Amino acid sequence: MNHVKNALWLGLPLAPLAPMVLSIVWAASAVACGGANDNLPPPPPPPPPPAASDSASVAPPVASATPPAASSAAPPPAPPVTLTQGIASPDPAAPLPTVKILAPTKDQIIAPDKAADFAIKLDVKNWKTAQGDAHVHLILDDKPYKPIYDPKAPLKLSDLTGADALAPGQHILVAFPSRANHESVKTKGAVAITEFWIGKKGDKVQDTTKPLVIYSRPKGEYKGDMANHVLVDFQLANDTLAADKDHVHITVTGPGIDGEKAADATSFGAPFYLDNLQDGPYTVKVDLLGADGKPLAGPWNSTTRSITIAH
């Protein structure tokens with residue numbers, strides 16, 4: 001107490017003393033004087049804590065340097081549809097696969113009332129077939145092929161025609177081995193062709209001894225991953241392809257194609273592939289053309305198929 005009084009008497013500043021020290025000094029002074037402190041004023045209250053609004057104003061939120069992407073942004077354009085020649089699968093190891101049609105025989109005449117139940121017989125050698133794996137493509141009159149996974153299983157002409165009866169006249173049956181991905185085997189002896197007749201012989205619609213292109217793929221509907229890389233494949237008989245000579249012309253129309261997409265096969269072996277197809281219907285046409293660019297004679301030499309893409 002005396003120290004404080006001395007400080008006041010000497011005129012020393014009390015500013016450095018904290019308010020709490022002053023309250024202690026006041027209390028000590030009252031005790032030293034021998035009196036109660038009930039009548040002394042209470043010490044000053046502690047400063048209030050900062051308000052929540054004050055703390056929010058101290059550190060304002062920092063704006064993001066990158067503005068959010070607009071939700072209305074247009075999707076990127078679809079890549080263009082392409083039709084390109086790929087690489088042929090390696091030929092099967094020797095002995096090479098062969099296919100023969102044992103029935104009907106060449107130029108056989110089948111009575112109309114016997115045609116539906118007429119049994120087709122195939123002889124497939126050196127080609128192991130299995131469900132969902134390697135098989136044989138069997139084609140009647142240039143219609144879409146039927147996959148044959150068991151060549152020894154019973155098979156009738158009506159299995160290839162459905163409810164349609166075979167008309168009188170010439171009919172052509174073709175068979176060849178196919179890989180699991182439906183790419184045809186193109187080695188010697190792989191293709192078997194026979195013509196037969198319903199009712200009686202007459203004029204030939206297609207001469208099977210002349211150049212012949214046999215449409216194989218694509219066909220039907222393609223879903224999911226199968227729609228991403230579509231095989232375009234064909235077989236060839238009695239002909240050799242070359243630039244400025246006989247060649248196979250492929251045209252495709254459909255969604256994402258302005259006009260048509262076209263390509264020429266001037267050699268036989270490697271298939272073609274369609275990529276970046278969009279959902280919807282497409283038309284694929286295969287023509288066997290001569291050096292003059294005109295289709296060679298016969299309905300098999302100009303074939304059109306419709307396919308559907310559903311990713």
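The values are calculated or read from the model by the stated rules, or taken from the named source; none is laboratory data. Note that this is a predicted model, so its numbers are computed, not measured. Backbone-built Cβ (ideal geometry, glycine too); neighbour counts: all protein chains shown. These accessible areas exclude ligands, DNA and RNA; they are computed on the full protein's heavy atoms, side chains included. Shrake-Rupley method; radii C 1.70, N 1.55, O 1.52, S 1.80 Å.
Numbers for the structure displayed
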{"quantity": "Residue within segment 161-176 that is at pLDDT 95 or above and of a type in the set (Asp, Glu) present", "calculated": "no"}
{"quantity": "Condition broken by Ala262, with the remaining ones in (1) under 23 Å from His137 (Cβ atoms); (2) in a strand (DSSP E or B); (3) of a type in the set (A, V, I, L, M, F, W, C) satisfied", "calculated": "(1)"}
{"quantity": "Residue check for Lys188: open to solvent by 50 Å² or more (accessible area, probe 1.4 Å), part of a loop (DSSP other than H, G, I, E, B) and either of a type in the set (Val, Ile, Thr) or touching a strand residue (DSSP E or B) at 6+ places or on another chain (Cβ under 6 Å) (or both)", "calculated": "no"}
{"quantity": "Residue tally, condition open to solvent by 20 Å² or more (accessible area, probe 1.4 Å) and not charged (D, E, K, R), over segment 237-250", "calculated": "6"}
{"quantity": "Residue in segment 210-219 that is over 18 Å from the mean Cα position of the chain (by Cα) and open to solvent by 20 Å² or more (accessible area, probe 1.4 Å) present", "calculated": "yes"}
{"quantity": "Residue satisfying condition, being buried (at least 18 other Cβ atoms within 10 Å of the Cβ), at pLDDT 95 or above and small (Gly, Ala, Ser), within set Gly269, Gly259, Gly290, Gly254", "calculated": "Gly254"}
{"quantity": "Residue within segment 107-119 that is on the phi > 0 side of the Ramachandran plot, touching an Asp or Glu at 6+ places or on another chain (Cβ under 8 Å) and of a type outside the set (Phe, Trp, Tyr) present", "calculated": "yes"}
{"quantity": "Unmet criterion (only one of (1) within 30 Å of Leu241 (Cβ to Cβ); (2) at pLDDT 95 or above) for Gly189", "calculated": "(2)"}
{"quantity": "Options Lys156, Lys106, Lys114; residue that is modelled with pLDDT of 95 or more, within 39 Å of the chain's Cα centre (by Cα), open to solvent by 30 Å² or more (accessible area, probe 1.4 Å) and not hydrophobic (A, V, I, L, M, F, W, C)", "calculated": "Lys156"}
{"quantity": "Those residues of segment 163-185 which are crowded, with 21+ Cβ neighbours inside 10 Å and without any contact (Cβ under 8 Å) to a residue 24 or more places away in the chain, in sequence order", "calculated": "none"}
{"quantity": "Single residue of segment 274-296 satisfying the filter (of a type outside the set (D, E, K, R) and in contact with a helix residue (DSSP H, G or I) (Cβ under 8 Å, 6 or more places away or on another chain)) that is farthest from Val248 (Cα to Cα)", "calculated": "Leu277"}
{"quantity": "Residue pairs meeting the criteria (Cβ under 6 Å; at least 6 apart or on separate chains; first without any contact (Cβ under 8 Å) to a residue 60 or more places away in the chain, in segment 201-220; second in a strand (DSSP E or B) and surrounded by 15 or more Cβ atoms within 10 Å (Cβ to Cβ))", "calculated": "Lys204/Gln170; Thr208/Ile193; Thr208/Glu195; Arg217/Leu231; Arg217/Asp233"}
{"quantity": "Residues within segment 127-142 that are surrounded by fewer than 16 Cβ atoms within 10 Å (Cβ to Cβ) and modelled with pLDDT of 95 or more, tallied", "calculated": "4"}
